[in-house]
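Notes for the one structure printed next.
The values are calculated or read from the model by the stated rules, or taken from the named source; none is laboratory data. Because the structure is a prediction, the values reported are computed rather than measured. All Cβ positions, glycine included, derive from the backbone under ideal geometry; neighbour counts span all protein chains shown.
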Amino acid sequence: MGETSIYFSAPNTPVEEEYWQALIEDGEASRCPAPPAPPHEIWRCLGLINEDNLAPPEQTADTTDWETATRMMQEGSVLELTAVGYNRGGLLVEWNGQQGFVPISHLAEIPTYMDEQERERILQSRVGQVLRLKVIEVDPERSRLVLSERATRSDEEQRQMLLRQLVPGEMRHGRITNLCSFGAFVDLGGIEGLVHISEISWGRITHPSDVLRPGQQVKVCILNVDRERDRVGLSIKRAQPDPWQSLETRYSVGQIISATVTHVVDFGAFAQVEEGVEGLIHASELAEGSFLHPRNVVQEGQQVQAMIISLDPGRRRLALSLRRATPSA
């Protein structure tokens, strides 16, 4: 279907507040990434966390067995148990007739991010193996026995120490280990954190690979730390200055600037002034006279000269005009 024929002409009065409302509803909503989700929700969506996986069948162990399991957890005893099965969230083992569960996040040498098929292949391949495990949770009332292979590794104490040291708001350096559609994983030196795609750049990106690569060293800001689930939320963009905060030191109303058209919509076009800063050129500010659609005047990727007609860093709004930047004949 062809585009609706809507004619635009330049008015003599400034654009009303409805223009900004249109920007919010039609423009910002379509160009901004989804708001960051809590990291543990990301892992839950991936199937790496599933509370249902922690509920074994009816209790078969007696009180003495639970007391023994609790003592082993307190003493840090190492058990050698055979993996007898698996489910979507990890491996199943047996101890004294009681079913235990080893979450996938507590298995050693398991990739942080896996698709469904790879996860099932890895778990299936480990059934029948003898695992060195430590008890990390005992809950007789829920008949729950949770164990960890990772806790038996010599570097686990150092890893837990690092986890305890991480504080929201502090800056750290790390290395990109993996990129996926919703973000990037960063190794902080034994602890992997997640940078949601909305926290990668102040500018607009469609995929983390647009600006990052595996192995790249990055500076990150700690957003949140979930020590119970060993999850760390990170931000790359917050480790850098917010370009909007100092915008008025670089630009002023009436100034003619260069910009790149990034997105054309029915009511105008967005143009990037610098990384992380985009302004809106309302259709009425594109050109003199009448035209069918903003695409008849500008195209994505086009370099333009524009005049700043309003600047509001607090509300992250920048209004531009092409027609006012063009000298009258």
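Specify which of the listed residues (Leu79, Leu48, Leu23, Leu91) is under 35 Å from the mean Cα position of the chain (by Cα), at pLDDT 85 or above and hydrophobic (A, V, I, L, M, F, W, C).
Leu91
Gly193 is checked against (1) farther than 30 Å from His263 by Cα; (2) surrounded by fewer than 20 Cβ atoms within 10 Å (Cβ to Cβ); (3) in contact with a Phe, Trp or Tyr (Cβ under 9 Å, 6 or more places away or on another chain); (4) not hydrophobic (A, V, I, L, M, F, W, C) and fails just one. What number does that condition carry?
All conditions are met except number (2).
I need the full set of residues from segment 290-314 which are in contact with a helix residue (DSSP H, G or I) (Cβ under 9 Å, 6 or more places away or on another chain) and touching a residue at least 40 places away in the same chain (Cβ under 8 Å), in order please.
Those that are in contact with a helix residue (DSSP H, G or I) (Cβ under 9 Å, 6 or more places away or on another chain) and touching a residue at least 40 places away in the same chain (Cβ under 8 Å): Phe291, His293, Pro294, Val304, Gln305, Ala306, Met307, Ile309, Leu311, Pro313.
Can you tell me which of Pro243, Pro313, Pro294 is under 24 Å from Ala184 (Cα atoms) and either touching a Leu at 6+ places or on another chain (Cβ under 7 Å) or crowded, with 16+ Cβ neighbours inside 10 Å (or both)?
Pro243
Filter segment 205-221 down to residues that are outside any loop (DSSP other than H, G, I, E, B) and in contact (Cβ under 8 Å) with a residue 40 or more places away in the chain and give me whichever is farthest from Gly233 (Cα to Cα).
We begin by selecting, within segment 205-221, every residue outside any loop (DSSP other than H, G, I, E, B); these are 208-210, 217-221.
The next check asks that each one be in contact (Cβ under 8 Å) with a residue 40 or more places away in the chain; those that pass are 217-221.
Details: Gln217: 17, Val218: 14, Lys219: 13, Val220: 10, Cys221: 9 Å.
Only one residue tops the list, namely Gln217.
How many residues does segment 82-134 hold that are outside any strand (DSSP E or B) and among the hydrophobic types (A, V, I, L, M, F, W, C)? If you could, list the steps in order and put the result at the bottom.
Initial filter on segment 82-134 (outside any strand (DSSP E or B)): 88-89, 96-97, 104-129.
Subset that is among the hydrophobic types (A, V, I, L, M, F, W, C): 104, 107-108, 110, 114, 122-123, 127.
Of the residues in segment 82-134, 8 are outside any strand (DSSP E or B) and among the hydrophobic types (A, V, I, L, M, F, W, C).
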